[in-house]
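The values are calculated or read from the model by the stated rules, or taken from the named source; none is laboratory data. Every value quoted in this text rests on a predicted model; they were computed, and no experiment measured them. As a convention, Cβ positions derive from the backbone with ideal geometry for all residues, glycine included, and neighbour counts pool all protein chains shown. With ligands, DNA and RNA removed, areas are computed over all heavy atoms of the protein, side chains included. Shrake-Rupley method; radii C 1.70, N 1.55, O 1.52, S 1.80 Å.
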Amino acid sequence: MMANSEVNPMRRLAQTLLRRNSSANDAPRRARRRRWPVFLAILGGAVTLAACAAFETVDYYWQGAAGQLELLSRAQPIPDVIGKSDAALATRLKRIRDIREFASRDLALPDNGSYTRYTDLGRPFVSWNVFATPELSLNPRQWCFPIAGCVNYRGYFQEAQAKGESARLKAAGDDVYVGGVPAYSTLGWFDDPVLSSFVSWPETEIARLIFHELAHQLLYVKNDSTFNESFATAVEEAGLARWLASRHDTQLEKLAARADRMRTVFRDLVRTTRIKLGEIYTSNASDDAKRRAKSEILAAMKAAYEAAKADDPGMSGYDRWFAQQPNNAAIAAVGLYTDRVPAFRELLHEANEDMPTFYARVRELAARTKRDRDVALDALARRAAAGAMSASASHTTVAPALATRVDTAKSRL
């Protein structure tokens with residue numbers, strides 16, 4: 001069982017946080033804080049149960065709880081930060097406040113205290129997620145937690161801890177990817193703050209992020225990371241289009257269009273690679289032959305990326321992703337955020353682009369079993385593909401060049 005010396009620091013930290021966040025005129029926040037005893041009781045129970053099984057798990061829960069509480073304890077109301085910050089940060093926070101209001105008013109996303117406070121992290125990311133897959137598989141490992149259910153990553157508030165977990169998984173033979181996280185959602189348990197890790201991003205990317213994270217607060221299905229992330233990505237895309245239409249700013253529209261083109265090139269590159277790897281992993285080839293083909297396919301992806309970057313230097317924004325030497329885990333992580341996006345786009349289209357109607361239909365899907373959800377999403381994706389067939393025929397990406405290199409590797413099996 002967990003010793004009192006481990007419980008008391010958490011209690012003291014929670015008490016400190018409640019004092020720092022107190023506001024006599026903030027009724028919604030007081031109501032939200034009433035959830036804290038429940039949350040801490042659940043967390044304490046989970047940690048106690050985990051303590052009977054493995055101290056490593058206790059340590060993991062502790063770092064998560066302490067990191068989250070400390071993050072919120074440092075949050076300050078945006079008006080206070082605007083009043084004492086430099087002009088650049090003040091201007092950016094004012095625009096974020098506009099984006100936040102737009103999210104609830106025009107996108108029917110949760111209207112709460114999230115993104116009304118600001119936290120200066122003093123580090124480039126708020127946390128680091130660790131993804132892992134077997135050496136010859138694209139199926140990501142899962143980790144299960146009391147509140148969030150099973151997800152395909154483990155998150156750490158300290159990069160050193162994430163790297164330690166990465167080393168452990170690599171030693172066990174897994175492919176591993178560690179990704180820095182600029183923001184995440186607490187699913188409505190707390191009011192998520194604006195963070196210094198993304199406050200200086202281009203306005204369009206900040207809008208995407210806020211719409212994405214608020215979508216998680218609106219709807220979250222346990223044990224289905226791909227459903228959750230793809231839904232949130234579809235919301236961010238629809239939200240950005242509406243935000244840009246409301247702004248009437250041609251420069252912003254051009255920046256968003258360019259970022260979208262680069263994002264599409266990257267996703268197509270990863271998708272093509274994943275398809276080819278999947279074909280090889282499910283083939284009857286020997287493990288050694290699969291390893292050789294895997295190496296050649298990943299090298300082909302890197303070469304195709306370098307070619308795309310030569311055509312558009314802006315693609316260098318993905319250098320960080322490629323710097324870890326892409327593997328199954330990195331490719332699977334991208335898929336979690338994009339696999340079901342076409343299906344959700346089609347569902348929004350069939351809802352006549354009305355966000356509340358769209359959300360209602362997504363909730364209907366969420367209430368089904370995973371098997372039934374997947375069947376429905378597959379059908380939506382087929383309808384989306386049929387509707388986009390003529391457009392896709394004229395769409396040019398780096399995928400054809402990559403496919404040629406990958407087919408050459410596959411023929412050597």
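Summary of values
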read-out: Candidate set from the stretch 219-268 (those that are in contact with a helix residue (DSSP H, G or I) (Cβ under 7 Å, 6 or more places away or on another chain) and of a type in the set (K, R)); member that is surrounded by the most Cβ atoms within 10 Å (Cβ to Cβ); value: R242
read-out: Any chance T338 is closer than 29 Å to R105 by Cβ, open to solvent by 10 Å² or more (accessible area, probe 1.4 Å), within 23 Å of the chain's Cα centre (by Cα) and of a type in the set (S, T, N, Q); value: yes
read-out: Test: residue in the stretch 144-154 that is closer than 23 Å to V341 by Cβ, under 13 Å from the mean Cα position of the chain (by Cα) and open to solvent by 20 Å² or more (accessible area, probe 1.4 Å); value: yes
read-out: Failed item in (1) over 30 Å from A87 (Cβ atoms); (2) part of a loop (DSSP other than H, G, I, E, B); (3) at pLDDT 95 or above, with A215 passing the rest; value: (2)
read-out: Residue that is at pLDDT 95 or above, over 30 Å from R95 (Cα atoms) and not aliphatic (A, V, I, L, M), where the choices are T282, T250; value: T282
read-out: Check on R291, open to solvent by 60 Å² or more (accessible area, probe 1.4 Å), assigned to a helix (DSSP H, G or I) and closer than 15 Å to N139 by Cα; value: no
read-out: Matching residues in the stretch 226-260 - criterion: being in contact with a Lys or Arg (Cβ under 9 Å, 6 or more places away or on another chain), farther than 19 Å from G314 by Cβ and among the aliphatic types (A, V, I, L, M); value: A234, A238
read-out: Residue check, R271 within 30 Å of R100 (Cβ to Cβ), touching a helix residue (DSSP H, G or I) at 6+ places or on another chain (Cβ under 9 Å) and open to solvent by 30 Å² or more (accessible area, probe 1.4 Å); value: no
read-out: Filtered residues of the stretch 363-375 (kept if surrounded by fewer than 16 Cβ atoms within 10 Å (Cβ to Cβ) and among the aliphatic types (A, V, I, L, M)); value: A367, V375
read-out: Options A308, A299, A303: the member that is crowded, with 19+ Cβ neighbours inside 10 Å and either small (G, A, S) or not in a helix (DSSP H, G or I) (or both); value: A308
read-out: Elements of type helices (runs of 4 or more DSSP H) contained in the stretch 324-401, each with 3 or more residues being closer than 17 Å to T272 by Cα and at pLDDT 95 or above; value: 328-338
read-out: Check on A285, in contact (Cβ under 8 Å) with a residue 40 or more places away in the chain and either buried (at least 19 other Cβ atoms within 10 Å of the Cβ) or of a type in the set (F, W, Y) (or both); value: no
